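Participant: Sharing a structure here in structure tokens format.
Please treat every number below as a calculation from the coordinates, not as lab data. What you see is a predicted model; the values in this text were computed from it and never measured. Using ideal geometry, Cβ is built from the backbone for each residue, glycine included, and neighbour counts are taken over all protein chains shown.
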Amino acid sequence: MSCCGFYPDPKAAVRGPRETLLYVPAIVPDASRPDYLCTVDVNPESKTYCSVIHRCPVPHKGDELHHSGWNACSSCFGESGRTRSMIVLPGLKSGRVYGFDTLTDPRAPRLAKMFEGLKDLNLSTPHTTHCLPSGEIMISCLGDAEGNARGNFLLLDQDLKSRGLWGKQDVPWGYDFWYQPKLNVMISTSWGEPKELMNGFNPAKANESYGRSLFIWDWEKHTITQELDVGAEGAIPLELRFLHDPEQPHAYVGSALGSSLIHITRDDTTGKWKHRVAVQQEPLSVEGWVLPAVPPLITDIIISMDDRFLYWSNWLRGDIVQCDISDPHNPKIVGRVWLGGCVRKGGPIKVLGGLPDGLQDLPEIPKVRGHELLGGPQMIQLSLDGKRLYVTNSLFSVWDKQFYPPMADKGSYMLQIDVDTGKGGLCINPDFYVDFGAEPDGPVLAPEMRYPGGDCSSDIFLSK
């Protein structure tokens, strides 16, 4: 059973109640209005099912709310006085960090706290938020105050007051991270130099302005023990997920530019961490695009709470993949669903080769509740029982405008993918479509999603 919004272990989480609400930030593409936090009703028994039921704006324009986390999660299970009561949302562009009270009224969160002192620590571009067993909140940062690349981690208390930096040393790049105290390890990943990111993606600067390293940290000492170079096939390693079982030394990271799934594990003999490419995706050979090849571009991954399946989104190619990781060393693709990307059947870009699964042509992309699926699948969130995969299509407003101008103009969507948890398989739920292009004050972009009671990418479990 859960306690204060926490679960003692992954098995208990799988048995948790079905999600009824989703929180997702709404980004105003031209920054003419403040971004806001949306509450989406996902209870099929509700009269407001599949719609935005509440909006809570922040006080400033141009924050670019992006990824979110919690003030407390299952790593705090059993700690007296700890409650999952506040969703934490950093502004990727502004560096502000907002805390929304979700406990008083889960259907209508309100802005409760704000932190604005990131530049005083010579940091910028806050990204991933995780709560710590200590009760602190930790946020990865990508740059220094001037927008140069600098990787370190901001620590905040429950009032969003600064506790300084977590890392006792900087790393060249920052992005995502995940910790496992039982294994005395944290691993962090690499995106790019903030001042370069803000200008859009320039392939000519991929080698100098973007990372290809995984950083292995000593969890107790807050210092680096290894740097793993994932090479060209692992270039721009973004989202990282450990297995939920806190004693299992297995993690995966999705490479954006390299479009590979990388498996990370600990060598039983040396105790050192090592990596290998577990799944390599071939780029599409094309005519009529800005480059002769379209990388699939993995931008998000997630692992089911029972550690059986891993999913990833290919933002440019336009598909979501389901992978059986029951044997962590040998992932096997068992499902795929196409949602459309920058290359579409009947579109101006001609595919010459590189399609997966032996396909000779791109599949037709269905409309959902009458809506054309613009953009490509990006952020994904999985139900605790593993049966429903929610999808949004916004990556980062600057890149959205570069790669998918119609989507950036008309707004995002949220879809539900139905999952076969028996033998594997994915299909679009034809009755679920949240239209962020129909927002009262104009279209918005929607990235990461969270459930009020915890989910498959925010909760970290400790050994009993």
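Participant: In debye, nearest 20: dipole of the stretch 323-364 around its Cα centre with unit charges on the Cβ of K, R (+) and D, E (-)? Spell out each step's value before the answer.
Facilitator: Working: 5 positive and 5 negative charges, 45 e Å.
Roughly 220 debye, rounded to the nearest 20.
Participant: Okay, next question. Please state the Cα pair-distance histogram of the stretch 319-463 with 10 angstrom bins from zero: what percent is in each bin?
Facilitator: 10, 35, 37, 15, 2, 0
Participant: For Lys401, give me every one of the lysines with a C-alpha distance below 23 angstrom, ignoring sequence neighbours fewer than eight places off in its own chain.
Facilitator: Lys61, Lys93, Lys195, Lys205, Lys345, Lys350, Lys367, Lys410
Participant: Still on this structure: Between His60 and His371, what FRET efficiency follows from the Cβ-Cβ distance if R0 is 41 Å, with the result rounded to 0.05?
Facilitator: Working: r = 31 Å, r/R0 = 0.76.
FRET efficiency, His60 to His371: 0.85.
Participant: Using Cβ counts within 10 Å as a stand-in for footprinting exposure, how do Cys131, Cys56 rank, fewest first? Intermediate values should be presented prior to the final figure.
Facilitator: Numbers: Cys131 25, Cys56 18.
Least crowded to most crowded, the residues run Cys56, Cys131.
Participant: Calculate the length of the line joining the C-alpha centroid of the stretch 346-408 to that of the stretch 152-216, in whole Å.
Facilitator: 27
Participant: Among Gln158, Leu445, Ser94, which residue has its Cα furthest toward the positive end of the charge dipole of the chain, with +1 on Lys/Arg Cβ and -1 on Asp/Glu Cβ?
Facilitator: Farthest towards the positive end: Gln158.
Participant: Summing Lys, Arg as +1 and Asp, Glu as -1, what charge do residues with Cβ under 10 Å from the Cβ of Arg336 carry, Arg336 excluded? List each step's numbers first, then the result.
Facilitator: Numbers: positive: none; negative: Asp319, Asp357.
Taking every Cβ under 10 Å from that of Arg336, the sum is -2.
Participant: Taking the Cβ of each residue in Met86, Met114 as the centre, tally the other Cβ atoms inside 10 Å and list the residues starting with the fewest. Let's see the in-between values first.
Facilitator: Values: Met86 24, Met114 14.
Final ranking by Cβ density, sparse to dense: Met114, Met86.
Participant: Oh, and also: Hey, what do the phi angles of the stretch 408-424 turn into as Karplus ³J(HN,Hα) couplings, whole Hz, using 6.51/-1.76/1.60 and θ = phi - 60°, x for Gly and Pro?
Facilitator: Rounded to whole hertz, the list is 5, 7, 9, x, 7, 10, 10, 10, 10, 9, 7, 10, 8, 8, x, 9, x.
Participant: Can you give the relative contact order of the chain as a percent, counting alpha carbon pairs under 8 Å and 6+ residues apart? Write down the numbers at each step before the final one.
Facilitator: Values: 1302 pairs, mean separation 61.1, N = 464.
Averaging sequence separation for qualifying contacts and normalising by length gives 13 percent for the chain.
Participant: Quick check: Cα centre of the stretch 19-63 to Cα centre of the stretch 423-447, how many Å?
Facilitator: 12
Participant: What list of ³J(HN,Hα) values in whole Hz, one per residue of the stretch 220-234 in order, does the Karplus curve 6.51 cos²θ - 1.76 cosθ + 1.60 (θ = phi - 60°) give from phi, with Gly and Pro shown as x?
Facilitator: Going residue by residue, I get 7, 8, 6, 10, 7, 10, 8, 10, 9, 8, 8, x, 5, 5, x Hz, with x marking Gly and Pro.
Participant: Nearest 20 debye, what's the magnitude of the dipole of the stretch 119-219 about its Cα centre given +1 on Lys and Arg Cβ and -1 on Asp and Glu Cβ?
Facilitator: Numbers: 9 positive and 12 negative charges, 29 e Å.
Computed about the Cα centre, the dipole is about 140 debye.
Participant: Testing the spin-label approximation: label points 7 Å from Cα along Cα→Cβ at Ile333 and Asp441. State their distance in nm.
Facilitator: 4.3
Participant: I would also like to ask the following. Let's see if you can work this out: charge +1 on each Lys and Arg Cβ, -1 on each Asp and Glu Cβ, no other charges. What is the dipole magnitude of the chain about its Cα centre, in debye to the nearest 20?
Facilitator: Approximately 300 debye in magnitude.
Participant: Sequence-distant or interchain residues sharing an amide H contact under 5 Å with Arg163, placed H: which?
Facilitator: Leu155, Leu156, Asp157
Participant: Convert each backbone phi in the stretch 102-114 into a coupling constant with the Karplus relation 6.51 cos²θ - 1.76 cosθ + 1.60 (shift: θ = phi - 60°), then list the ³J(HN,Hα) values in order as whole Hz, x for Gly and Pro.
Facilitator: Calculated HN-Hα couplings, in order: 10, 8, 4, 9, x, 7, 9, x, 10, 5, 10, 8, 8 Hz.
Participant: Which entry in [x] 21.8, 83; [y] 21.9, 71; [z] 20.3, 60 is this structure's computed Rg and Dmax of the Cα atoms in Å?
Facilitator: So the structure-derived entry is [z].
Participant: Next up: Which of Leu240, Ala251, Pro59 sits closest to the plus end of the dipole of the chain, meaning its Cα is farthest towards the positive end, when Lys and Arg get +1 and Asp and Glu get -1 on the C-beta?
Facilitator: Pro59
Participant: Can you check what the net charge comes to around Trp178, using other residues whose Cβ is under 12 Å from the Cβ of Trp178 (Lys, Arg +1; Asp, Glu -1)? Walk me through the intermediate numbers first.
Facilitator: Details: positive: Arg241; negative: Asp176, Glu239, Asp459.
Around Trp178, the surrounding residues sum to -2.
Participant: For His54, which sequence-distant residues (separation of 5 or more, or a different chain) have an amide H within less than 5 Å of its own amide H, given hydrogens modelled in the peptide plane?
Facilitator: The answer is Thr39.
Participant: Can you list residues whose amide H is under 5 Å from Leu65's amide H, if they're 5+ apart or on another chain and H is modeled 1.01 Å from N?
Facilitator: Placed amide hydrogens put Leu92 under 5 Å from Leu65.
Participant: In the chain, with Lys and Arg counted as +1 and Asp and Glu as -1 at Cβ, which of these residues, Cys131, Val398, Pro292, has the Cα nearest the positive end of the dipole, that is, farthest along it?
Facilitator: Cys131
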